[in-house]
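Novice: Take a look at the following structure, please.
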Amino acid sequence: MHSRFTRPVQSFAGYIFDCDGTLADSMPLHHESWQFSLRECGAPFDFNWELFASRGGMPLEQTVLELNRQFDCKLDAARIAALQRVHFEARIKDLQPIREVTDFAHEMSRVSPVSVASGNLRLQVIHSLEAIGVGEIFDIIITPEQVQHGKPHPDMFLLAAERMGVAPQDCLVLEDSPLGIEAAKRAGMSWALVREALPMTGKTR
């Protein structure tokens, strides 16, 4: 089985981690919760894995609005997001860490500032981090409630860098989604992609 990501050769002054699919192996559960909530609200399309993955990192309500535009429907974004969160929260205790990434996070936290920037609500992110055993190392948690625009905009990553006291160009972002990587690029940060297949890393400087 391939490594989930390639450790960077160089050191960085600060490290920003996505939560779902990066620290927590939570994407299958999120997909299941999305399918449940969309089905409950009568969505007229199949929310398959490819469609789900294409929205990775986007705030839940914004995801529904994008789906409404894509499929020309009028789903209730607030209700679907609420159902998704309740369904996911009920099983959050079953979450498992992506061990390579959580081990890396523990190591880096001993020598550099670390933070989390996630598209989910703050309370759910905190619960997820606690469930996978890394809650104590992340004092800085950035979520959509704190910024004007979520991923792929750079707002969350820039705020995380500011809170860590690190210049954007000296940060490494660990992400599993194309939207998250795009946000890192827009922020002028280096990035590493976490995934199941062959890992890929890149830099913007």
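Novice: Given the criteria among the acidic types (Asp, Glu), surrounded by 14 or more Cβ atoms within 10 Å (Cβ to Cβ) and not in a loop (DSSP other than H, G, I, E, B), does GLU50 qualify?
Specialist: no
Novice: So the check is Cβ under 8 Å with 6+ separation or different chains; which pairs have a first residue in region 132-160 that's among the small types (Gly, Ala, Ser) and modelled with pLDDT under 95 and a second one that's assigned to a loop (DSSP other than H, G, I, E, B) and surrounded by 19 or more Cβ atoms within 10 Å (Cβ to Cβ)?
Specialist: Final answer for the pair search is GLY150/GLY57; GLY150/MET58; GLY150/PRO59; GLY150/GLY119.
Novice: Determine if region 96-117 includes at least one residue that is of a type in the set (Ser, Thr, Tyr), closer than 25 Å to LEU51 by Cα and either in the same structural domain as GLN62 (by TED's automatic domain parsing) or under 14 Å from the mean Cα position of the chain (by Cα) (or both).
Specialist: For region 96-117, residues of a type in the set (Ser, Thr, Tyr), closer than 25 Å to LEU51 by Cα and either in the same structural domain as GLN62 (by TED's automatic domain parsing) or under 14 Å from the mean Cα position of the chain (by Cα) (or both): absent.
Novice: How many residues are at pLDDT 95 or above and either surrounded by 22 or more Cβ atoms within 10 Å (Cβ to Cβ) or touching a Cys at 6+ places or on another chain (Cβ under 6 Å) (or both) if we restrict to region 169-180?
Specialist: Qualifying residue count, region 169-180: 5.
Novice: Given the conditions (1) outside any loop (DSSP other than H, G, I, E, B); (2) over 23 Å from THR6 (Cα atoms); (3) not aliphatic (A, V, I, L, M), and given that GLY180 satisfies all but one, which numbered condition is not satisfied?
Specialist: Of everything listed in (1) outside any loop (DSSP other than H, G, I, E, B); (2) over 23 Å from THR6 (Cα atoms); (3) not aliphatic (A, V, I, L, M), GLY180 misses just condition (2).
The values are calculated or read from the model by the stated rules, or taken from the named source; none is laboratory data. Small disclaimer: the values here were computed from a predicted structure and weren't measured. All Cβ positions, even for glycine, are placed from backbone atoms using ideal geometry, and neighbour counts span all protein chains on display.
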